[in-house]
Structures are given as C-alpha cells and as structure tokens.
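Visitor: Have a look at the structure that comes next, please.
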Amino acid sequence: MATDKPHLNLVIIGHVDHGKSTLVGRLLLDTGQIEEHIIRKYSEEAATKGKESFALAWVMDKLKEERERGVTIDVAHKRFDTDKYYFTIIDAPGHRDFVKNMITGTSQADAAVLVVAAPEGVMAQTKEHAWLARTLGVNQLIVAINKMDATKPEYDQKRFEEVKTEVSKLIAGIGYKDVPIIPVSAWVGDNVVERKKLSWAEGPTLIEALNNLKVPPKPTDKPLRWPIQDVYSITGVGTVPVG
C-alpha cells in the first residue's frame, strides 16, 4: 500500500448495536484489506457463542469481554486505504457507559461517520455522539443509515426517508451542513463499496463519500495539546497522564 497518500483520522460513532464495528469490517472486507478466510474463522467462532451476526464486528472488537457481550468497549484503530486517502479508522463504543472512551477516540478525528440503524432511527447516543463530535471540532460528517436489509419490507425507501428527515433535523440543529446521508447494509454489503439492491439510492456510496472528504489544516504552529483520558499515580514513578 502506498504511504504517500494524504492521511485522515476517521471516527465511527453512533448508538450501541447500530452496526458501527460491522460497517468497518465490511469496508475492510469489500476493499480486500482483510482476507475472507479470517471472516470465515470469525464466523465459526461467533457461531459457537450464538453471535453469528457479529463476525464482521470482530475485526475491530478484539477484547474477550467485547465478544462475549457483543458491544464495543474500548476504542479500536485500524488502517484503511482508498485510492485517494490513507485513513486511520477509529471505532468508538456506542454504549452510554463507555462515552469517555468515545470522547477519547473522537477527539483524534478529522471526520466522522454517524451510523444510524434504519429500524430504530435516531436514539439517545445518536444525539449525544453527534453533539460531542461537533463540540470536539469534528466538522466533516457522513451519515450512514445502516441495516436497510432489516427494514420491513427490506430496503424500504420510505423508511429511509423517514430516518433521513429525523437525522437531518438533528445535525442541522448542531450546525452540520451539506452532509451526505447514505442508505447502507453493512451486514449484506450494499451501498458500502458497491450498490446492489439499494438501486433507488441517490448520491455516493459510502466509500465514494469517504473519498470526497477533505484534509483539514493542521494547527502545527500552535502549542501542543492532547486529550487526557486518565491520570494514574504509580509508586516509584509518579503521576502518569494517559491520553
């Protein structure tokens, strides 16, 4: 992979169980950046735990507790390349108990993908994560309306439009403008890299929207600042900030 491409930090945010980690796994699989035999291995392991649908999520969810509970707990990072950019994907936890970890990940980001499950629509952490991203200076946003395969009927355009309207009001109130809102199915792999049953969808696929992002200017002339996640007092060492 080329290393001379522009770099962007991309955080994946949204409510718990809306498919954030699965979406990252799908991006990596469909662009050939993770091998299919690894996903098959994860599928077999997940099936033994009764969590067959979590195979793609296990690309990012490595902790034993994450796999047992079926939720992301800690921030995970993964390299991801398009033909235009070299991304560091930051997979943030969606559960409200781990919002501190979400803040740590989002504070590193140049852009965000807000994942909203079509069957449920906007939920508590959808709102919280969108507000936090804006507060933390993430000015570029893409919205992925996920789980379109789980609407009734499947791939229901009417349901997409309902959720799109709901999300549009939320992000406009926060201050985001010109945000692409994209219907996807991370589990099936529709409109992420290639468009299949979502033939009615207008606008870019998710990967096309990622390529439309811009590299923000870096304040390299400013004093050094970094977010602190925790501070430890270690005997014989002293105070150790972690961030």
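What follows draws every value from the coordinates through simple rules; no lab data is involved. Computed from a prediction, not measured in an experiment: that's the story for all the values here. Positions of Cβ are backbone-derived with ideal geometry, glycine not excepted, and every protein chain shown enters the neighbour counts.
Visitor: Please list the helices of the chain that count as membrane-span-like by this rule: a mean Kyte-Doolittle hydropathy of at least -0.5 together with Cα atoms stretching 24 Å or more along the helix axis, each helix being a complete DSSP H run. Could you put the intermediate results ahead of the total?
Guide: On the way: long enough: 157-174 (25 Å, -0.35).
Sorted by number, the helices that extend far enough and score high enough are 157-174.
Visitor: Which residues in segment 135-174 place their backbone N less than 12 Å from a point set 7 Å from the Cα of Glu208 along the Cα-to-Cβ direction?
Guide: Under 12 Å, as judged by backbone N against the label point of Glu208, lies no residue of segment 135-174.
Visitor: Sort the following peptides by mean Cβ neighbour count (other Cβ atoms within 10 Å, averaged over residues), highest first: 210-218, 224-232, 81-89.
Guide: Per-residue mean Cβ counts within 10 Å order the peptides as 81-89, 210-218, 224-232.
Visitor: While we're on this one: How far is it, in nm, from the label point at Lys169 to the one at Glu194 when both lie 7 Å from their Cα along the line to the Cβ?
Guide: Placing both labels 7 Å beyond Cα along the Cβ direction yields 3.8 nm.
Visitor: Using 29 Å as the Cα-Cα cut-off, could you pick out the over-long pairs in Lys5/Lys158; Lys5/Lys177; Lys49/Lys147? Can you show the working numbers first?
Guide: Working: Lys5/Lys158 39 Å; Lys5/Lys177 27 Å; Lys49/Lys147 22 Å.
The pairs that break the limit, which is 29 Å between Cα atoms, are Lys5/Lys158.
Visitor: Thr220 to Lys5: FRET efficiency via 1/(1 + (r/R0)^6), r the Cβ-Cβ distance, R0 22 Å, to the nearest 0.05? Don't jump to the answer; show the numbers that get you there.
Guide: Details: r = 19 Å, r/R0 = 0.88.
The computed FRET efficiency comes out at 0.70.
Visitor: Taking H as built 1.01 Å from N, whose amide H comes closer than 5 Å to the amide H of Tyr155, not counting residues under 5 places away?
Guide: Placed amide hydrogens put Asp149, Ala150 under 5 Å from Tyr155.
Visitor: How much length would be gained if the chain were fully extended between His37 and Lys49, taking 0.36 nm per residue of separation minus their Cα-Cα distance, in nm to one decimal? Walk me through the numbers on the way to the answer.
Guide: Values: separation 12, 0.36 × 12 = 4.32 nm, distance 1.89 nm.
My answer for the length gained is 2.4 nm.
Visitor: With a sphere of radius 13 Å drawn around the Cβ of Gly189, what net charge do the other residues whose Cβ falls strictly inside it have (Lys, Arg +1; Asp, Glu -1)? Provide the component values of the computation, followed by the final result.
Guide: Numbers: positive: Arg26, Lys147, Arg195, Lys196, Lys197; negative: Asp30, Glu36, Asp149, Asp190, Glu194.
Combined, the nearby Lys, Arg, Asp and Glu give 0.
Visitor: With viscosity set to 1.002 mPa s at 20 °C, what whole-number translational diffusion coefficient in µm²/s follows for segment 7-242 from Stokes-Einstein and a Kirkwood radius over Cα pairs? Walk me through the numbers before you get to the answer.
Guide: On the way: Rh = 18.3 Å.
For these conditions, the coefficient is 117 µm²/s.
Visitor: What is segment 83-182 by shape, rounded, prolate or oblate, if you read a ≥ b ≥ c off the alpha carbon gyration tensor as root eigenvalues and call it rounded for a/c under 1.5, prolate for a/b larger than b/c, and oblate otherwise? Don't jump to the answer; show the numbers that get you there.
Guide: Values: a/c = 1.61, a/b = 1.51, b/c = 1.06.
It comes out prolate by the Cα gyration axes.
Visitor: Compute the separation of the alpha-carbon centres of segment 109-135 and segment 165-243 and state it in Å as a whole number.
Guide: After rounding, the separation between the Cα centres reads 9 Å.
Visitor: In addition: Based on DSSP, what percent of beta bridges with both residues in the chain are antiparallel, to the nearest 5? If you can, show how the numbers build up before the last one.
Guide: Numbers: 12 of 33 bridges.
Percent antiparallel among DSSP bridges in the chain is about 35.
Visitor: How would you rank Met102, Met123, Met148, going from fewest to most other Cβ atoms within 10 Å of each one's own Cβ?
Guide: Values: Met102 26, Met123 17, Met148 29.
Neighbour counts put them in this order, fewest first: Met123, Met102, Met148.
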